[in-house]
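Enquirer: Handing you this structure, nothing more for now.
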Amino acid sequence: MRSRYAAFVLLDAPYLLRTWHVSTRPASVSFEPGLKWLGLKVVSARTVDADRAEVEFIARYRVGGASAGRHHERSRFVCEGGEWFYVDGSACGAGFSRPSEKSG
């Protein structure tokens with residue numbers, strides 16, 4: 001989970017695609033211009049069984065001069081061949097909160 005967050009911070013699309021499970025992997029990854037990641041908080045991590053796990057996290061970000069927003073997600077991972085892959089995620093609480101632009 002933390003390595004995928006770091007890949008978003010570093011705009012490392014090849015790593016994100018490589019660690020995305022083939023069953024849900026998009027053809028490409030794009031990044032929002034001007035988005036800056038501010039921090040990651042892992043809320044909980046749960047082993048479902050030997051090959052499946054879930055991680056709930058909150059990632060804070062800012063776009064341009066806007067106030068900070070947050071992305072709150074529960075991600076599902078699967079282990080295949082000794083490697084963990086991101087499968088998908090669902091929003092928690094408010095999920096993805098877009099920051100509002102600063103006025104004048």
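The values are calculated or read from the model by the stated rules, or taken from the named source; none is laboratory data. Computed from a predicted structure; not experimentally measured. So basically every Cβ, Gly included, is an ideal-geometry build from the backbone, and we count neighbours across all protein chains shown.
Enquirer: Check whether at least one residue in the stretch 48-55 is on the phi < 0 side of the Ramachandran plot and under 14 Å from the mean Cα position of the chain (by Cα), and report yes or no. Write out each step before concluding.
Expert: Restricting attention to the stretch 48-55, the residues satisfying the condition of being on the phi < 0 side of the Ramachandran plot are 48-55.
With under 14 Å from the mean Cα position of the chain (by Cα) added as a condition, the list becomes 54-55.
Within the stretch 48-55 (the criterion being on the phi < 0 side of the Ramachandran plot and under 14 Å from the mean Cα position of the chain (by Cα)), the answer is yes, since at least one residue qualifies.
Enquirer: Can you tell me which residues in the stretch 1-22 are closer than 15 Å to SER75 by Cα and hydroxyl-bearing (Ser, Thr, Tyr)?
Expert: Scanning the stretch 1-22 gives SER3, TYR5, THR19.
Enquirer: Looking for whichever is in contact with a helix residue (DSSP H, G or I) (Cβ under 9 Å, 6 or more places away or on another chain) and either in a strand (DSSP E or B) or small (Gly, Ala, Ser) (or both) here; the options are SER44, SER67, SER28, SER90. Which one fits?
Expert: On the way: SER44 fails: in contact with a helix residue (DSSP H, G or I) (Cβ under 9 Å, 6 or more places away or on another chain); SER67 fails: in contact with a helix residue (DSSP H, G or I) (Cβ under 9 Å, 6 or more places away or on another chain); SER90 fails: in contact with a helix residue (DSSP H, G or I) (Cβ under 9 Å, 6 or more places away or on another chain).
After applying the criteria, what remains is SER28.
Enquirer: Considering only the stretch 39-53, how many residues are under 16 Å from ARG4 (Cβ atoms) and not basic (Lys, Arg)?
Expert: Quick first cut of the stretch 39-53, residues under 16 Å from ARG4 (Cβ atoms) only: 39-43, 45, 53.
Applying the additional criterion that residues be not basic (Lys, Arg) yields 39-40, 42-43, 45, 53.
The total comes to 6.
Enquirer: I need the full set of residues from the stretch 37-53 which are more than 11 Å from VAL78 (Cβ to Cβ) and surrounded by 12 or more Cβ atoms within 10 Å (Cβ to Cβ), in order please. Don't jump to the end; show me each part of the working.
Expert: Step one: of the stretch 37-53, the residues more than 11 Å from VAL78 (Cβ to Cβ) are 37-47.
Passing the criteria: TRP37, LEU38, GLY39, LEU40, VAL42, VAL43, ALA45.
Enquirer: Within the stretch 1-25, restricting attention to residues that are under 21 Å from GLU83 (Cα atoms) and in a loop (DSSP other than H, G, I, E, B), which residue is modelled with the lowest pLDDT?
Expert: Step by step, filter the stretch 1-25, then rank; the result is MET1.
Enquirer: Output the residue which, of all residues in the stretch 54-73 that are hydrophobic (A, V, I, L, M, F, W, C) and under 16 Å from ARG4 (Cα atoms), is surrounded by the most Cβ atoms within 10 Å (Cβ to Cβ). Write out each step before concluding.
Expert: Start the filter on the stretch 54-73 by keeping residues that are hydrophobic (A, V, I, L, M, F, W, C), which leaves 55, 57-59, 63, 66, 68.
Pick out the ones that are also under 16 Å from ARG4 (Cα atoms) and you get 55, 57-59.
Numbers: VAL55: 19, PHE57: 21, ILE58: 15, ALA59: 19.
Only one residue tops the list, namely PHE57.
Enquirer: Which condition does GLU80 not pass, out of (1) surrounded by 15 or more Cβ atoms within 10 Å (Cβ to Cβ); (2) within 25 Å of PRO14 (Cβ to Cβ); (3) more than 13 Å from the chain's Cα centre (by Cα), if it passes all the others?
Expert: (1)
Enquirer: Just give me the residues in the stretch 26-36 being surrounded by 13 or more Cβ atoms within 10 Å (Cβ to Cβ) and either touching a residue at least 24 places away in the same chain (Cβ under 8 Å) or closer than 15 Å to GLU83 by Cα (or both), in sequence order.
Expert: Result: LEU35, single match.
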